[in-house]
Amino acid sequence: MPSALITGITGQDGLYLSELLLAKGYEVYGLIRGQNNPKYELVRELVPDVKLLTGDLTDFSSLIRALEVAKPDEVYNLGAISFVAYSWENALVTSDVTGKGVLNMIEAVRLYAGDDLNQVKFYQASSSEMFGKVQEVPQRESTLLWPRSPYGVAKVFGHYMTINYRESYGMHASSGILFNHESPRRGPEFVTRKVSQAVARISLGLQEDITLGNLDAKRDWGFAGDYVDAMWRMLQQPEGDDYVVATGETHSIRELLDIAFAHVGIEDWGHLVKQDPRFMRPAEVDLLIGDPTKAQEKLGWTRQVDFPTLVTMMVENDLAEQRALNGR
Ligand code: NAP
Ligand code: G4F
């Protein structure tokens, strides 16, 4: 039975990846931080077969300890401070976790694996946020990186460190440059879930309107369940490499609002959406659109869920959740 260690087990991707690996017969270990993590019960409920180990990406010895217990064949480094807006206000801790945390994890893997370096395959959760002020459209593996946030800069550090460990030590280390991926498990701070929750609540009479920032930014949004499959495929290749994972389509926040509101029968949402500079960013990533050709050709990966299906899935989930919470 292969064994996998996942950091970021309590996050959206950690949960989907655990389900995927358990279904494939893996023994799955998840790193969970804090002495009383509020998401502990959620992980226990959704993926009870995952074995939880305490640890933190900023605590090197906890990573070594986790590796010694899990004895993994594959390590998926998904842990990060992942909210871009937060990273301006908390740039130092974002750099420590999202940037230096990658080095801590990959160096721990190198030391743990010893002479048997290729026995432990490593996945790094890189991000399309690294493209920032995009230098090419669509963005591919070779596109120049120009990050626009402390989060993006930290991810660039982790990305190049992963490439460097592959080139320096011959490690099986892969970097997935994943474009935005969403689901009903997405944190409510991100724009898709903020919109799906608000639209559900507005249609049930629980909320009057929604306040957002920039409505013109464009993202290449896919479904998280599809994207964790690409992570696994990367680690089944004979060698580590870098892959863009994206849908190849881009949509604005306005289009997201069109589909979400239309699903509850509201065609004209203008009076229901307010804007506030509070939600604008010091530097914006205006446009992201990825070219997934390499992932399609080398990994045989394709996305299954299109954008309208994704948005309506999220609104449906929030309608059910809000009805249950509010007895409607
Ligand atoms: P998420 O839901 O925000 O989950 C982040 C995870 O990181 C959580 O489990 C969190 O644990 C953990 N974490 C935070 N600080 C940590 C620390 N100091 N030590 C160990 N773990 C820590 O993110 P996601 O959407 O699942 O994304 C997974 C990864 O992919 C992240 O690295 C993200 O940056 C990257 N990524 C995401 C997307 C996307 O669109 N979703 C796109 C590209 C790349 P707590 O519960 O304890 O906070
Ligand atoms: O949903 P977002 O916060 O996601 P963002 O910044 O694109 O980052 C996500 O995707 C990255 C991959 O490219 C990941 F690496 C990262 O970890 C995270 O998962 O914002 C999307 C867009 C932005 O342009 C933002 O300015 O939506 C715009 N937006 C407009 N109003 C808003 C809001 N974003 C949020 N969160 N909240 C708003 O009210």
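The values are calculated or read from the model by the stated rules, or taken from the named source; none is laboratory data. Fair warning: this is a prediction, and the values are worked out from it, not measured in the lab. Glycine gets a Cβ as well: all are built from the backbone with ideal geometry, and neighbour counts include every protein chain shown.
At-a-glance table
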{"item": "Residue in the range 253-265 that is touching a helix residue (DSSP H, G or I) at 6+ places or on another chain (Cβ under 9 Å), within 23 Å of L17 (Cβ to Cβ) and not in a helix (DSSP H, G or I) present", "result": "no"}
{"item": "Which listed residue is under 20 Å from M161 (Cα atoms), of a type in the set (A, V, I, L, M), away from ligand 1 (no atom under 13 Å from the Cβ) and modelled with pLDDT of 95 or more, from L78, L57, L111", "result": "L111"}
{"item": "Residue within the range 105-127 that is in contact (Cβ under 8 Å) with a residue 24 or more places away in the chain, closer than 18 Å to D286 by Cα and out of contact with any strand residue (DSSP E or B) (no Cβ under 6 Å at 6 or more places or on another chain) present", "result": "yes"}
{"item": "The range 190-217, residues that are farther than 16 Å from V264 by Cα and near ligand 2 (Cβ under 8 Å from one of its atoms)", "result": "F190, V191, T211, L212, G213, N214, L215, A217"}
{"item": "Residues satisfying the stated conditions in the range 7-27, i.e. near ligand 1 (Cβ under 9 Å from one of its atoms) and in a strand (DSSP E or B)", "result": "T7"}
{"item": "K155 vs. criteria in contact with a Leu (Cβ under 8 Å, 6 or more places away or on another chain) and within 16 Å of ligand 1 (Cβ to nearest atom)", "result": "no"}
{"item": "Meets criteria (in contact with a His (Cβ under 8 Å, 6 or more places away or on another chain) and either modelled with pLDDT of 95 or more or crowded, with 24+ Cβ neighbours inside 10 Å (or both)) for S183", "result": "no"}
{"item": "Every residue from the range 113-158 that is surrounded by fewer than 19 Cβ atoms within 10 Å (Cβ to Cβ) and within 21 Å of E182 (Cα to Cα)", "result": "R140"}
